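Step one of this worksheet: look at the structure below.
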Amino acid sequence: MKKVLQTVDINKHFRKPVDFHVLKNISFEVKKGEFASIMGKSGSGKSTLLYILSTMDTDYEGKLYLNEELVTGKPHQELSRLRNKHIGFVFQFHYLLSEFSVLENVMLPARKLAARSDAEIEHDAMEKLEMLNIAKLANKRASRISGGEKQRVAIARALINNPSILMGDEPTGNLDSYNAENVFQIFKRLKEEQGLSLLVVTHDHDFAERTDRIIEMEDGRISGNLTDSAR
Amino acid sequence: MTNWKVILGIAKTHLLTKMKSTVTASLGVTFGIGAYITLVSFMTGLNKMLDDLILNQTPHIHLYNEIEPSEKQPVALYEEMQDAVNVVRSIKPKQSQLKIHNALPILNHLRNNPDVKGASPQLRAQIFYISGSIELGGNLTGIDIMEEVRLSSFDDYLIAGSAEALENTDNGILLGAGLAETMSLDIGDRVQISTIKGDIFPLKIVGIYQSGIADIDNIQSYANLKTVQRIEGEAENFITDINIKLHDLEKAAAMSKILEKQFGIKATDIKEANAQFETGSNIRNTITYAVSITLLIVAGFGIYNILNMLIYEKMKDIAILKATGFSGKDVQLIFMSQALIIGVIGGFLGLIIGFLFSRLIDQVPFETEALPTITTFPVNYQPGYYLIGISFALISTFIAGYLPSNRARKVDPVQIIRGT
C-alpha cells in the first residue's frame, strides 16, 4: 500500500537553554487511508514530532518522505508549497483569522495555491462547509462563532486543497465531549468516505482507542506501535 | 510564485479592520509630506524672490571705462631712471573719454557669443531736474528699454506706466518714485531737465520707477538711449556702460577677465559686486532642506512604529498563514504592501494638502517697497518638489515597512502555535 508519510531515523535536539535530545531515532510510516494517532505524556516529544512531520520545523536530523518523495533539505519556499498542497493542519486552539469571514478563512489556502478559479474555490469551500453542517455560518466573521464551530471551520480549511494527509495537534483538546465526539465522527467519515489519511496527536484515550493505529511515545522514543487488530 | 491578488486582499482586510492605526499612519505621512511641500514651496519662493532682487538689478558682467591713474607713470618709461627709486607726488587720473571705445562692435561681438543671454548698452548722464526755480541733481540713464525688460525684468519695478510706453515715446522718461513725489508729478506730466552744459529739455513722464532703495529713487530716471544721446549732444555710438547677462551665472568671473583683457576696459562680475549674495542664498537653501528632511524622517518613524505594533498583534495570524502554506516571502509582502499602501495614500494626500497650503500662502498679502509688483507671498510651484515629496513618501514607507515585515518573514510558526 502507498505510504503517505514516512520517517527514517529522525533525531531532534533542543539546544536552548541546555542541549536536550527530544526525539530519538523515530522511524514509522502512515499508509494511505490510515487513521493513526500519536499518544504519550506531556514532554514525550509527540507535538515536536508532529511539527517536523508538518514540514514547519526543519531543524532535525534524519529523513522525511511525503508521498514517497524526500522533503528533507528542500528550501522553505518549496516546503510552503508542499504544505499548502498536501498537508491539512488542525490545531488545538482553532486558529482562524479573526478579521476574515468563515468562508474567506476556508478559501484562503486554495487561493494561495491558485490551482482553481475563485468561483470554483468558493463552490468547493461551500461544499466542505455543508459537509460539516456549518454552511449557514459562511458569511459570519470568524471571531463571532462558537469554539466547536471554529474547529469545524478549521477542518474545512484544512480540507480545501484536498490534501494527502490531515494532521491534528490535539484537535479535540479544547472542546467539550459533545463537540469532541462530533470532530471524531467527522474524521472517521473523511477516512471512510474519501480515503483520507489522518495523523492526530491526542491525550484522549477514548479518541485514540477508536483510531486504526496508536503510536505511543515515551521520552522521545516510539514505545508502542499498535494496529487495531493487535489491541 | 507570488499570488498578488491574495496578498493584496489580506493586506486590504488588515488595513480596513485596523482603520484607526491605518488612518493614524497615513496622516503621519500626509502631514510630513504636506509640511514638506508647503515649506519647500514657500521657502524656495522667498529665496527666488530675494535672489531676483539682487540678480535682476545687477548685471552678470558690467563693462565700463573707469577714470583712474595710469599704472605706469611716464618716469617709469625713462631708461636712465630705471635703477632709481622714483617718487611721484600728486598723481592725477589719466585723461580719457567716458564712452566705451568701439562700443557697437563690442555689443555685436557679445551678442554673437553663445554663452551670452543678452547685452544691453547704457548711457549714464548727470543732469538736473528743474522744478520751478529749484534744481535737483540726479542721474538720467539712457537704456534700450525692451532689452532691459527681457534681461532684468525692468517692468517689475514700474509702479505706474509701462515699458512699451517709453519705447513708443521718443521724449519719454521713467521718473524715479522719490523724484515724482518731491516734484508732485505724475504720468502724463512734463518734467524739464538740464544737462551739465546748461541745455534744457522737456520730457514727458510715461512711467514711475521704484527700485525700493530710496537713495536711488530720489535721483534716478530712465529714458531711451537715443534720447539721452541727443540730450548730451553725442553720437549714436556714445555708450558708457554695457550690461551683460549670461545663461550660466558661474561663467561670469572667467568671462569678465577675458573681456577686460580683450577690450582694454574695466569689467566687474556679479560675484565681485555682491560677494555676500551666494553665501546667504546657500545658507537659506541648507536650512530649507534640513527642516524638510527632518519632517520626512519623523513621518517615517511613525509608520515604522505602527507597522511594528501591527505585526506584534498579528503574530498568531502570521503563524496560521505560514502553517497553511504561505511562505515567509508571502507574509513579508503582505506587510510591505500595507506599508506602501499607507505611503501612497498618505503621500498623495500630503501633496494635495501641501498644494492647498501653498495656495493659501500665495493669497496672503505681502507688500514690499523693494518689489512693487509683488502683492502676495511668493510661492514656488515647481513640480520637481512634488516628485521628491512622493518619492520620499514611498522610500520612507518602504524602509519603515521593510524592517518589521522582515521580522514577520522570519517568525517561526511552530513557536507561536506551541506558545513557547
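No lab work stands behind these numbers, since they all come straight from the coordinates. Just so it is clear, the model here is predicted, and its values are computed rather than measured. Please note: Cβ atoms are built from the backbone with ideal geometry, for glycine as well, and neighbour counts cover all protein chains shown.
Laid out as a table, the results:
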read-out	value
Built amide H within the under 5 Å cut-off of A:V4, gap 5+	A:V30, A:K31, A:K32
Cut-off under 5 Å, modelled amide H: who pairs with A:N225 long-range	A:E216
Span from the region B:86-137 Cα centroid across to the region A:119-152 one, whole angstrom	95 Å
Rounded to whole Å, sorted largest first: equivalent-ellipsoid semi-axes of the protein assembly as shown, Cα gyration tensor	93, 28, 18
Alpha carbon centroid spacing (whole Å) that separates region A:1-77 from region B:45-76	88 Å
Exercise: per-residue mean of other protein chain Cβ atoms within 10 Å, A:50-60	3
Candidates A:I165, A:I52, A:I145: whichever shows maximal mean-square fluctuation once chain A is modelled as a Gaussian network with Cα springs under 10 Å	A:I145
Residues B:S281, B:S21, sorted so that the one with the fewest Cβ neighbours within 10 Å comes first	B:S281, B:S21
From phi via Karplus (6.51, -1.76, 1.60), per-residue ³J(HN,Hα) for region B:174-184 in Hz, x at Gly/Pro	9, 8, x, 4, x, 5, 4, 5, 4, 9, 6
3J(HN,Hα) from dihedral phi, region B:48-64, Karplus parametrisation 6.51/-1.76/1.60, rounded to Hz, x for glycine, proline	5, 4, 5, 4, 4, 3, 7, 5, 5, 8, 10, x, 5, 9, 10, 9, 7
Projected label distance in nm at B:N113 and A:K16, using a 7 Å step from Cα toward the beta-carbon	7.3 nm
Ranking of A:H205, B:H101 by count of other Cβ atoms within 10 Å, fewest first	A:H205, B:H101
Computed log₁₀ I(q)/I(0) - Debye formula, equal Cα scatterers, no solvent, region A:3-230, q 0.08, 0.09, 0.15, 0.16 Å⁻¹	-0.28, -0.36, -1.01, -1.14
Contact order relative to length of chain B, as percent, for alpha carbon pairs under 8 angstrom and 6 or more apart	28 percent
Highest-fluctuation residue, A:P171, A:P17, A:P109 considered, GNM on chain A with Cα pairs under 10 Å	A:P17
Between region B:243-317 and region B:372-420, the Cα center-to-center distance that results, in Å	23 Å
Mean Cα-pair separation over length for region A:3-230, i.e. relative contact order, pairs under 8 Å, 6 or more apart, %	30 percent
Region A:87-214, relative contact order in percent, only Cα pairs under 8 angstrom and at least six apart counted	33 percent
Residue among B:S96, B:S120, B:S152 with the largest mean-square fluctuation in a Gaussian network model of chain B, springs linking Cα atoms under 10 Å	B:S96
Residue-by-residue Karplus 3J(HN,Hα) for region A:3-9, coefficients 6.51, -1.76, 1.60, Hz, glycine and proline x	8, 7, 9, 8, 10, 10, 6
Within chain A, helix-based [θ] at 222 nm, where runs of 4 or more DSSP H residues each add -39,500 (n - 2.57), nearest 500	-11000 deg cm²/dmol
